[in-house]
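Inspection log for the structure reproduced underneath, given as structure tokens.
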Amino acid sequence: MTSFIGPKGSTLGARVKFKSTWNRMFLFVVFLLVSILLSSCTFSSKPDPTPVKGGLRIVYLNVGQGASQLLISPSGKTMLIDAGNNDQEQVVLDDLKRYGIKRLDIVVGTHPDADHIGGLDKVIDQLDIGKVYMPRISSTTKTFESVLRSIQKKGLKVATAKSGVILDWDPQVEVKMLAPLQTYEDNNNMSAVMRVAYGKTSFLFTGDAESVSEKDMIASRQELHADVLLVGHHGSKSSTTPAFLKQVAPKYAIIQSGVDNKYGHPTPTILGRLKKAGIIVYRNDTQGIIDLSSNGTNIQITTER
Ligand SMILES: [Zn+2]
């Protein structure tokens, strides 16, 4: 009996095995299809926050009508320039979390306008902060006072952002402040302007500096050239004068502005000027987050949309 059942049993066993192999293959194909579907979905989602090893990364966060840039150095040092408006602070905090940022070695508030420093109070409250730079300018707005309170609460002091300051950030990256060169009455012209150089690649961060500050920067004969220009004052025609653009001579321009903003930023004048100069333009309002990485020679740019 046993010898009779034996072979029958083993045939059944083989059949079960055969069936389970098919099941496994079927599951594998389903898994494959789902993965392909998911990867094609993530194509249109936010850029991959995985750290780029040994390179400089610059993320132009999407804070609507405002400005905010996150920089991560080759050795993992971090810097945040501006943090958008008050109503965008959660966006900034979420993005910093997504990029795994718990500490900011340097925070720069380019100037006291709300669309730049609005979100800084919460960022300073919630993260470990190294050094804070802001231009020497007083403002009586609640937003500004709130940022100063957060700085005080952390026992930090504000270092003055002005031309000539060299930031101690990462030995592989040179970070220089080019402006403000003097005291201006206008808040925008008091903007801290910074040039970041890594290997053969360079980047200019302009805040809301307008033509007056641009003129002084040209006259100061500082190195202004940059591969990537953050277009001044969200693409307002008050900035990016032809003379300044000629000196910077960028390959790429980034514009941080909100969809259908009331200021009409970026203006057709500036868009036309950039186009005429053959500069490739990236915009937060149409492309979402702009994520750039440099290996010191090449620059790679990916966008959310
Ligand atoms: Zn602004």
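The values are calculated or read from the model by the stated rules, or taken from the named source; none is laboratory data. Note that the structure is a prediction, hence the values are computed from the model and not measured. A quick note on method: Cβ atoms are made from the backbone with ideal geometry, for glycine too, and the neighbour counts reach across all protein chains shown. Only protein heavy atoms, including side chains, enter the accessible area calculation; ligands, DNA and RNA are left aside. Shrake-Rupley method; radii C 1.70, N 1.55, O 1.52, S 1.80 Å.
The table below lists the values:
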read-out	value
Positions within the stretch 82-135 being part of a helix (DSSP H, G or I) and within 14 Å of the ligand (Cβ to nearest atom), in sequence order	ASN86, GLN88, ALA114, ASP115, HIS116, ILE117, LEU120
Qualifying residue in the stretch 141-159 (condition: closer than 23 Å to LYS46 by Cα and not hydroxyl-bearing (Ser, Thr, Tyr))	no
Residue list for the stretch 262-286, restricted to those being open to solvent by 60 Å² or more (accessible area, probe 1.4 Å) and polar (S, T, N, Q)	THR269, THR286
So LEU127, is it within 25 Å of HIS233 (Cβ to Cβ) and modelled with pLDDT of 95 or more	no
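Results for (1) small (Gly, Ala, Ser); (2) open to solvent by 10 Å² or more (accessible area, probe 1.4 Å), shown as yes or no for each residue.
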| site | (1), (2) |
| --- | --- |
| THR141 | no, yes |
| SER146 | yes, yes |
| LYS153 | no, yes |
| VAL158 | no, yes |
| ALA161 | yes, no |
| LYS176 | no, yes |
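This table checks each residue for (1) crowded, with 18+ Cβ neighbours inside 10 Å; (2) of a type in the set (Gly, Ala, Ser); (3) out of contact with any strand residue (DSSP E or B) (no Cβ under 7 Å at 6 or more places or on another chain).
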{"position": "SER213", "(1), (2), (3)": "yes, yes, no"}
{"position": "ALA219", "(1), (2), (3)": "no, yes, yes"}
{"position": "LEU230", "(1), (2), (3)": "yes, no, no"}
{"position": "PRO242", "(1), (2), (3)": "no, no, yes"}
{"position": "ASP260", "(1), (2), (3)": "no, no, yes"}
{"position": "GLY288", "(1), (2), (3)": "yes, yes, no"}
{"position": "ASP291", "(1), (2), (3)": "yes, no, no"}
